[in-house]
Amino acid sequence: MSALVAVLVLPLAGALATVALPGRAARIAASTAIAATLAAALALAAWVAARGVPRLEIGGWAPPVGIAVEADGLAAAMIVMTATVMAAAGLSARHMLAPGAAGARAAFGFWPLMLLLWAALNAVFVSRDLFNLYVGIELLSLAAIGLVAIEGKAAALAAAMRYMIFALAGSLLYLAGVVLVYAAHGALDAGLLTDRTPARTDGLALALMTVGLMAKTALFPFHVWLPPAHGGAPAPASAMLSALVPKASFVILLRLWFDVMPDQATEGALALMAALGTAAVIWGGLAALVQERLKLIVAYSTVAQIGYLFLVFPLAGGASAEMPWAAGAWNGAVFLALSHGLAKAAMFLAVGQWMAARGGDRLEDLRGIATAMPMTAFAFALSSITLVGLPPSGGFTAKYLIMTSAFAAGQWGWALVMAGGGLLAAAYLYRPVAVIFARAEVPDSPLPSRGRQVVPLILAGAAVALGIASAAPFDLLSTGRPQAAGEGL
């Protein structure tokens, strides 16, 4: 229970400390908060795996009067992945966003924004109250927008403005759905709403919340804010924005469709969500193929990878929830979210180090960089293996589960999407990998230390290890999971 409180309180306390303390003391406070929150996240996951789901009723008041938070296996897994990415981003930011490298504004603002983002993510993962989730995603969006604009460049400010417009529109749509739910049922707790008597407005409420969350997840066609935002932010911020921020709204979608209102999951609605996911896979892959900046290639890859996640809805939702293949689809989607988060953070951190060494991220600027920085090049290659879905990575395990479920369900079209998307990913990732490992004269430029270069390699290795040692993560995900994931294959 103390670990559950700690993952919520420690990042907030760290954010306040970094604002109150100047200069070097802010970085020390941030490092302390990062280390403490990482330890709390690991302790929470160990508790959930060994003893079940901890639940805390704030102030001792039970819903619907009070607000309850709890950490099931899904929440614990996402919290650990978040802590791992945040720790890596923090280590990288100590150098990339130092005052001498990024300016006083970015050096001061990054740490409180990072910790506020972390607190919002953890709050979203453990919340069960629909309005509390709204507060979490609002704080999350505000911190993310600040991170995009932190360097003050014109392109970054324009990207942040576009992001803000989509984020606010998504929040308003989600809040409108919450209002309809409360008007119909007088409660917002997920546990209470599961046993509700269905109302005529439930379908509209779910639709409004879903569209709002799609905009925040950057699902096609609401994706237009993501590439410029992720491509223009500093590398440590891009790592967090790509690996973590879209996962928060996706987790809320899982809660809504599998826990809160599974009775509203019509076949047409589920197919539409998967169709939009398919469009994201195709559009993101094709757009990544024609980019000349590596950060934009990685950013458009995020658009494509998000699309895979939405294939879970027709395979494990609605009438499929009680079928034998539902467990594979649900677990595969969560595994894909985890492996994508680790691999994409590794990519952005590696690219950030290359940009610092070569002065840009155009592909031709990075030719032969593997000769000078082999660890970061290896990290990028390992991450590419995960995103393509090659064995033995976590991406392979996830896609294998989803494809197996699709064939078992007779919905083989979604399996073709997975296979075609993998081929597209191999095509657009081959270009940077070929350039990075090409034989070329290496210009003489300052290089980051080996200690800094190993950070993205650890993340990329963790994404691969997720597929090799998958038993423990699967056992963790089994704790408190919905029926769609608890039975079947």
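Read-outs throughout are calculated quantities, based only on the coordinates presented, and are distinct from any laboratory measurement. Only a predicted model underlies this, so the values are computations on that prediction, with no experimental measurement involved. FYI the Cβ positions are ideal-geometry reconstructions off the backbone, even for glycines, and counts take in every protein chain you see.
Worth pointing out:
- About the Cα centre, charge dipole magnitude for the chain (Lys/Arg +1, Asp/Glu -1 at Cβ), debye: 1220 debye
- Qualifying trypsin sites (Lys or Arg not before Pro) in region 311-362, DSSP loop, other Cβ atoms within 10 Å at most 13: none
- Contact order relative to length of the chain, as percent, for alpha carbon pairs under 8 angstrom and 6 or more apart: 16 percent
- Remark: relative contact order (region 288-489) = 35 percent; criterion is Cα-Cα distance under 8 angstrom and separation of 6 or more residues.
- Cα long-axis angle, helix 394-409 against the chain (0 to 90 degrees, to the nearest 10): 40 degrees
- Point-to-point label distance, Val454-Thr201, nm (Cα→Cβ direction, 7 Å offset): 5.8 nm
- Residue-wise HN-Hα coupling along region 165-175, computed from phi with Karplus coefficients 6.51, -1.76, 1.60 (Hz; x: Gly, Pro): 4, 5, 5, 5, 4, x, 5, 5, 5, 4, 5
- From phi via Karplus (6.51, -1.76, 1.60), per-residue ³J(HN,Hα) for region 194-203 in Hz, x at Gly/Pro: 4, 9, 6, 8, x, 10, 5, 8, 5, x
- Acute angle (nearest 10 degrees) that the helix 23-51 long axis makes with the longest principal axis of the chain, alpha-carbon atoms: 40 degrees
- Model label points for Glu57 and Ile468, set 7 angstrom from Cα along the Cα-to-Cβ axis, are 4.6 nm apart.
- Per-peptide average of other Cβ atoms within 10 Å, ordering 137-145, 184-192 highest first: 137-145, 184-192
- Shape category assigned to region 208-252 from the gyration tensor of Cα positions, a/c cut at 1.5: oblate
- With Cα atoms, 0 to 90° folded angle of helix 450-468 axis to the chain main axis: 40 degrees
- Calculated mean projected area of the Cα convex hull in nm² (choose from (i) 31.2; (ii) 20.4; (iii) 28.7), label: (ii)
- Per-residue packing, averaged as other Cβ atoms within 10 Å, sorts the ranges 3-9, 85-91 into the order 85-91, 3-9, beginning with the highest.
- Fraction of C-alpha pairs exceeding 27 angstrom in region 288-489: 33 percent, rounded to a whole number.
- Taking the chain as the region of interest, the number of lysine pairs whose Cα atoms are within less than 17 Å, with members eight or more places apart or on different chains, is 5.
- Rounded, prolate or oblate (a/c below 1.5 giving rounded, otherwise prolate when a/b exceeds b/c) for region 13-87 by Cα gyration tensor: oblate
- Length gained when the stretch Val9-Phe131 is fully extended (0.36 nm per residue, less Cα-Cα span): 42.0 nm
- Remark: the Leu289-Ala319 segment gains 7.1 nm on full extension, using 0.36 nm per residue and subtracting the alpha carbon distance.
- Size descriptors for region 184-265, from the alpha-carbon set: Rg then Dmax equal 15.7, 48 Å.
- Shape call, region 118-194: gyration tensor on alpha carbons, a/c limit 1.5: oblate
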